[in-house]
Every structure is written in structure tokens, then in C-alpha cells.
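Colleague: Let me begin by handing over the structure; questions about it come next.
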Amino acid sequence: MNEFDLIDILTLKPGSRLDVELGVGDDAAIVTPPESSRLAMATDTLVAGIHFFSDAPAYDIAYRSLAVNLSDMAAMGATPAWVTMSLTAPKKTSVKWFREFSNGFRSLLQKHDLQLVGGDLCHGSLSITIQVIGFLPKNIALLRSGAKVGDKIFVSGDIGGAALALKMLSGQMEVSENYKQILYNRFYYPEPQVELGKFLLGYASSAIDISDGLAADLGHILKKSGVGAEVYTNKLPICKGLKAELGTNEACLLAISGGDDYQVCFTVPKELSSEMVRSDPPCPVVEIGEITSSNMLKFIDIDGNILDISSAGYHHFN
Ligand SMILES: [Mg+2]
């Protein structure tokens, strides 16, 4: 098979949006954004051996690659629409691998009504670069810079699972049979919280997706907003199995420091927070703490002790 046949496999059934005038197959795509909307754009590269294991199933690699890019749209409150992909794969890669990759990619495209409008293939070490383009209403978006003193801090879904999955997949840790699949899915099938992002446009003062860990990513919000935070560790929504496998303290530290969960951490003004919870968010959200006027991020346990998170990927910023 030549390169063009492989591109055909990768771009098979790319989706069918009415706003795509010209999709895959010419030198560039032509699309029409909705009137009175703004475009949100994000791109991310995933490299074998760094962002995923190169011997993982192609379907799972594709799913994760697109999911982490969609997660950036979710964190902005944007509605994703169009996707381009540049795949670099070793010359010896089988046609079967490309088919499975394409199937994994397509399954998530369909789930979010997206269209792949451009694809490119190169030979080299396995890496995947994806660009997602989406829409935002005029004058509103979820930024990292809007958190205010007194705002409540929330996290969606559960956290820590992907970090434990990494330990399991790299052979650093044995995990009991009960939790293997759930942890695997946390790493390769993160759920980009696109619907939550859109819902939060009416409530949140700031948001970020958790790619580098709660401490590091909440730290980005604090830095951009010029505020501090207190987080109560007993309120953290820790992924099922972490406490059983690691004990409460270690589970907590991993949930704070571990990345790759792609849940959303966001802040809501105090006066809107109970209304937000009552308004039926499209996925579970849990209040974990509040924004303070200090320049510190403090994780406080149930006895009032402050956890040492110097090793948790958070760097004091003042
Ligand atoms: Mg992000």
C-alpha cells in the first residue's frame, strides 16, 4: 500500500457536518463558522514512549490522542467541530494498525459530531499531532484568569486513576484484578468533558483541564488569577481503587500530583455555586475547596494538617 492508500484508510468516513464545504481531499479544507460565534483552536502532540506506550492497541492510542485535544476545548467551554490530524508512523506499520487507529479515532469523532477535515501521514517514530477547532459564543469563555477570592473550587468526575494506571502499565506496581480495567480506561479512554464545559459558561469564573495533575493545573489558575487556594483532601473525588491499592495518604498524594485524568477543575462564585450544583451538571462535580487571597495553594487534611506537596508538580509562584 502506498501513502495515499493509507491516508484513505485514516480519513475514511470522516464525519459529515453541514458546515464543511470541502473536507479531506484537496489542499485545504473550507468550512463556515456559525454567524456571531468565535473560533477556539487548540493543538497537541502525543509521542510514543512519552504520552502513551507504543505497543498499546492502535484503537486506544487514537482515542486517547483525540480525547486529550477535545479536553482543551472542554476547558474553554467551546463546542468542538473540526479536526485535523498529522500522523507520523514507522515504515513497517501494518495496514491493520492503520485500520484500528482509524476506527478508534472515528468512534470519538462520531460521539461528538466532529468532522476530520484534513489528514497527513509521514514516516518516522510514532507521534500524533491533532488540531481541534471549535466555537465559542461572543463575549464568553472559560479562562484560567477569572478566579476571585471566595470562589468555590470544583473538580469533575474522579482523579488519580490515570496516574495509577501509568504505574500499572509500566510494571511499577501490581494492581488487583478488580481495578485493572477501570484504571486502563482512565488512561486510554479519558472522557473529554465537553458538555460540562458548555454548561459552565453560565457559572464558572475560571477553568482548566487536569492534564498535569490537580496541584499543577489548579496552580495555573491561581497564577493567572493572582490568588491562592485551600483544598480539603477529604473532599477530593479519588478514583475507585486508589485507596484500596495505596492507602488513604498515598492515594491522596497521587490524586493531587498525578496527571492524565482530563477532568475539569473550575471555580464558581460563591453566590452561584449551589445554583450550579442544583442545575444538573452533565457529569458529577464535587466542591473541593475555595479561593483565598494568599499566594499559596494549601492542601489540608481532615485533621487540619497542611500536606507537603512540594513533590506534587506544584511550584510556589511568589
Ligand atoms: Mg489543557
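The values are calculated or read from the model by the stated rules, or taken from the named source; none is laboratory data. Keep in mind the model is a prediction, meaning the values are calculated, not measured. So basically every Cβ, Gly included, is an ideal-geometry build from the backbone, and we count neighbours across all protein chains shown.
Colleague: Looking at segment 270-279, which of its residues are within 17 Å of residue 77 (Cβ to Cβ) and not hydroxyl-bearing (Ser, Thr, Tyr)?
Modeller: 272, 276
Colleague: Among 13, 92, 96, which is touching a Lys or Arg at 6+ places or on another chain (Cβ under 9 Å) and basic (Lys, Arg)?
Modeller: After applying the criteria, what remains is 13.
Colleague: Please list, ordered by first then second residue, the pairs with beta carbon atoms under 7 Å, 6 or more apart or interchain, first in segment 187-212 and outside the structural domain of residue 74 (by TED's automatic domain parsing) and within 24 Å of residue 138 (Cβ to Cβ), second outside any helix (DSSP H, G or I) and of a type in the set (Phe, Trp, Tyr).
Modeller: Final answer for the pair search is 192/262; 200/266; 204/266; 206/266; 207/266; 209/262.
Colleague: Would you point out the residue of segment 177-211, among those that are closer than 20 Å to residue 132 by Cα and among the acidic types (Asp, Glu), that is farthest from the ligand (Cβ to nearest atom)?
Modeller: Step by step, filter segment 177-211, then rank; the result is 195.
Colleague: Being surrounded by fewer than 16 Cβ atoms within 10 Å (Cβ to Cβ), touching an Asp or Glu at 6+ places or on another chain (Cβ under 8 Å) and of a type in the set (A, V, I, L, M) is true for just one of 173, 168. Which residue is that?
Modeller: Residue meeting the stated conditions: 173.
Colleague: Follow-up question, since we're still on this one. Which one is nearest to residue 265 (Cα to Cα), of the residues in segment 47-68 that are of a type outside the set (Gly, Ala, Ser) and touching a Leu at 6+ places or on another chain (Cβ under 9 Å)?
Modeller: That would be 68.
Colleague: So which residues in segment 2-48 are within 25 Å of residue 94 (Cβ to Cβ) and free of Cβ contacts under 8 Å to residues at least 24 places away in the same chain, if there are any at all?
Modeller: 2, 4, 5, 8, 25
Colleague: Take residue 228 and tell me if it is modelled with pLDDT of 95 or more, touching a strand residue (DSSP E or B) at 6+ places or on another chain (Cβ under 7 Å) and within 16 Å of the ligand (Cβ to nearest atom).
Modeller: Against the criterion (modelled with pLDDT of 95 or more, touching a strand residue (DSSP E or B) at 6+ places or on another chain (Cβ under 7 Å) and within 16 Å of the ligand (Cβ to nearest atom)), residue 228 does not qualify.
Colleague: Looking only at residues that are in contact with a Gly (Cβ under 7 Å, 6 or more places away or on another chain) and part of a helix (DSSP H, G or I) in segment 144-163, which one is surrounded by the fewest Cβ atoms within 10 Å (Cβ to Cβ)?
Modeller: Looking at residues that are in contact with a Gly (Cβ under 7 Å, 6 or more places away or on another chain) and part of a helix (DSSP H, G or I), I get 163.
Colleague: Can you name every residue in segment 238-268 that is crowded, with 18+ Cβ neighbours inside 10 Å and more than 16 Å from the chain's Cα centre (by Cα)?
Modeller: Once the filter is applied, which keeps residues that are crowded, with 18+ Cβ neighbours inside 10 Å and more than 16 Å from the chain's Cα centre (by Cα), segment 238-268 yields 238, 241, 242, 245, 246, 251, 252, 253, 254, 267, 268.
Colleague: Do we have residue 135 as assigned to a strand (DSSP E or B), modelled with pLDDT of 95 or more and over 22 Å from residue 255 (Cα atoms) here?
Modeller: Taking the combined requirement at face value, the residue satisfies it.
Colleague: Got a sec? Which of 70, 46, 66, 87 is within 16 Å of the ligand (Cβ to nearest atom) and within 18 Å of residue 13 (Cα to Cα)?
Modeller: After ruling out the rest, the residue left standing is 66.
Colleague: Let me ask something else about it. Could you tell me which residue of segment 202-236 is surrounded by the fewest Cβ atoms within 10 Å (Cβ to Cβ), considering only residues that are in a loop (DSSP other than H, G, I, E, B) and over 21 Å from the mean Cα position of the chain (by Cα)?
Modeller: 226
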